[in-house]
1. So in segment 207-219, with the set limited to residues that are in a loop (DSSP other than H, G, I, E, B) and either hydrophobic (A, V, I, L, M, F, W, C) or open to solvent by less than 20 Å² (accessible area, probe 1.4 Å) (or both), which one is nearest to residue 127 (Cα to Cα)?
2. Any idea which of 267, 300 is in contact (Cβ under 8 Å) with a residue 12 or more places away in the chain and in contact with a Phe, Trp or Tyr (Cβ under 6 Å, 6 or more places away or on another chain)?
3. Does residue 93 satisfy the criteria of being surrounded by fewer than 20 Cβ atoms within 10 Å (Cβ to Cβ) and part of a helix (DSSP H, G or I)?
4. Taking residue 185, is it in contact with a helix residue (DSSP H, G or I) (Cβ under 9 Å, 6 or more places away or on another chain), modelled with pLDDT of 90 or more and open to solvent by less than 20 Å² (accessible area, probe 1.4 Å)?
5. Would you tally the residues in segment 63-85 being closer than 14 Å to residue 298 by Cα and surrounded by fewer than 16 Cβ atoms within 10 Å (Cβ to Cβ)?
6. Given the structure, is residue 145 under 30 Å from residue 174 (Cβ atoms) and either open to solvent by 50 Å² or more (accessible area, probe 1.4 Å) or in a helix (DSSP H, G or I) (or both)?
7. When you check residue 129 against the structure, is it open to solvent by 30 Å² or more (accessible area, probe 1.4 Å), under 20 Å from residue 241 (Cα atoms), outside any helix (DSSP H, G or I) and not small (Gly, Ala, Ser), yes or no?
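The values are calculated or read from the model by the stated rules, or taken from the named source; none is laboratory data. Remember, it's a predicted structure, so these values are computed and weren't measured experimentally. As a convention, Cβ positions derive from the backbone with ideal geometry for all residues, glycine included, and neighbour counts pool all protein chains shown. For the accessible areas, the whole protein counts, side chains as well, though only heavy atoms, and no ligand, DNA or RNA atoms are used. Shrake-Rupley method; radii C 1.70, N 1.55, O 1.52, S 1.80 Å.
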Amino acid sequence: MTTTLSAEPIIEDDFRPPGRLTDRAFRVLVFGVGALVLVILALILATLLNQSLPVLRSEGLSYLTSDVWDPSKATFGTLAFTFGTMVTSAIALALAVPVSVGIALFTTEVSPRWLKRPIVYLIDLLAAVPSVVFGLWGILVLAPALTGFYQNWHDLFAGVPVLGTLFDGAPISGRSFMTAGLILAIMVTPIITSIARETFATVPQSAKDAAHALGATRWEMIRASVFPHSRSGLVAGILIGLGRALGETIAAALVIGASPHITSKLFSSGYSLPSVIANDFGEATGDYRSALIGMGVIVFILTFLIGIVARLYVTRADRRMRGEA
């Protein structure tokens, strides 16, 4: 009697690969955490919009396009505050980006190893300083010291087209757009520097060696190898720093002044959206309170849009690099 043996393995119905249930549970957990973040953001935006509806109904589009702010007459236009926010943020980026990129390049490409660690620690420590400390230092030390400097700068460029108007004030004050921009630049420099440093560190050493082998100087190597490879991360870091500058409250409120007007004179006092909220929210009621909450919606949307732009740029750059590869 011949017995036929089957070569097919016997698979039990209840067999489960090791770790399969754990991986599935982990995916569900991670998805839930990510969804929770989106839900929280949506709830925050919905709450702010609901609280700001009274002023949005009464003011309409003029709430965004008018620069007339007179709570005593129930007139609320936020354009001057939005202007102040954008101006101070632009000044902060103009000052912080070159310094941040320079520090990042120095620590990754130039500095000796014994000096690199203290610089990195110092930058990280600067990022941990509370914003109110920067604000108090700005109003007590920086603003009084800068008043005379602003006046000398104005006298130097008086009569020069464009520059004569920019470096002016009405009147010139230490508490101004420029001072607020300086403080914000100090605050966002550690953020941009850290991201730029980590981005520069990802450049393959082979690309740097190839540039040097072709006879490139250090600067030519940085321009030809480091910057192209790091463009997406660097832009993302700059936009993240911009988001921080747009939303900064206490430091800007202490040094920007309290003058809600639109002007091209950087040495004059101004106002920004977060500053108005910080200064006036405690005493506001009714439509006035609703108008301040509406400013929070504007800041929320601005920072959210900046985050989306940063994400889209990074995604596009990654696709372009994969295509070139």
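1. In this case the residue turns out to be 216.
2. Residue meeting the stated conditions: 267.
3. When the stated conditions are applied, residue 93 does not pass them.
4. yes
5. Residues meeting the conditions: 2.
6. Spelling it out, residue 145 is indeed under 30 Å from residue 174 (Cβ atoms) and either open to solvent by 50 Å² or more (accessible area, probe 1.4 Å) or in a helix (DSSP H, G or I) (or both).
7. For residue 129, the condition - open to solvent by 30 Å² or more (accessible area, probe 1.4 Å), under 20 Å from residue 241 (Cα atoms), outside any helix (DSSP H, G or I) and not small (Gly, Ala, Ser) - is met.
Table: residues versus (1) within 20 Å of residue 269 (Cβ to Cβ); (2) open to solvent by 50 Å² or more (accessible area, probe 1.4 Å).
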{"residue": "122", "(1), (2)": "no, yes"}
{"residue": "138", "(1), (2)": "yes, no"}
{"residue": "180", "(1), (2)": "yes, no"}
{"residue": "191", "(1), (2)": "no, no"}
